[in-house]
1. Taking the stretch 1-33 as the region of interest, how many residues are exposed (fewer than 10 other Cβ atoms within 10 Å of the Cβ) and in a helix (DSSP H, G or I)?
2. Could you grab the pairs with beta carbons closer than 6 Å, sequence gap of 6+ or different chains, first residue in the stretch 25-44 and farther than 24 Å from THR80 by Cα, second one charged (D, E, K, R) and surrounded by 12 or more Cβ atoms within 10 Å (Cβ to Cβ)?
3. For the stretch 34-75, name all the residues that are surrounded by 15 or more Cβ atoms within 10 Å (Cβ to Cβ) and basic (Lys, Arg).
Amino acid sequence: MQLVPDKKKELLEKDFDIPMSATMSMEVNTMCNLGEGLVEQTSIKNKADFVIRLMQKKHYDINEAFDLANVLESEKAEVTKLVDEQLAVK
């Protein structure tokens, strides 16, 4: 269950009696943003790994692999960079 920052702040105040000062509010927002960023980075990394496997094992070109891996248009540049880095290492 993913909670938005405002809901997390409410839970901290109600369930744990933690007053929500301006500083605490900013810290909760920062922690939520970091968590979301980690999830997004993990998703991109997993898609890049899947694209590489499709290219190596099934001999798909990168665009076919993108389609099969459900890589969004907004993710293609980042996934391509990771794919290129990984293939350059091998």
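1. 5
2. Partner pairs satisfying both residue conditions: VAL28/LYS8; VAL28/LYS9.
3. The answer is LYS47, and nothing else.
Where a number appears in this text, it was derived from the coordinates with a stated rule and is not lab data. Just so we're clear, the structure is a prediction, and the values are computed from it rather than from any experiment. Don't worry about glycine lacking a Cβ; one is built from the backbone with ideal geometry, like all the others, and counts go over all protein chains shown.
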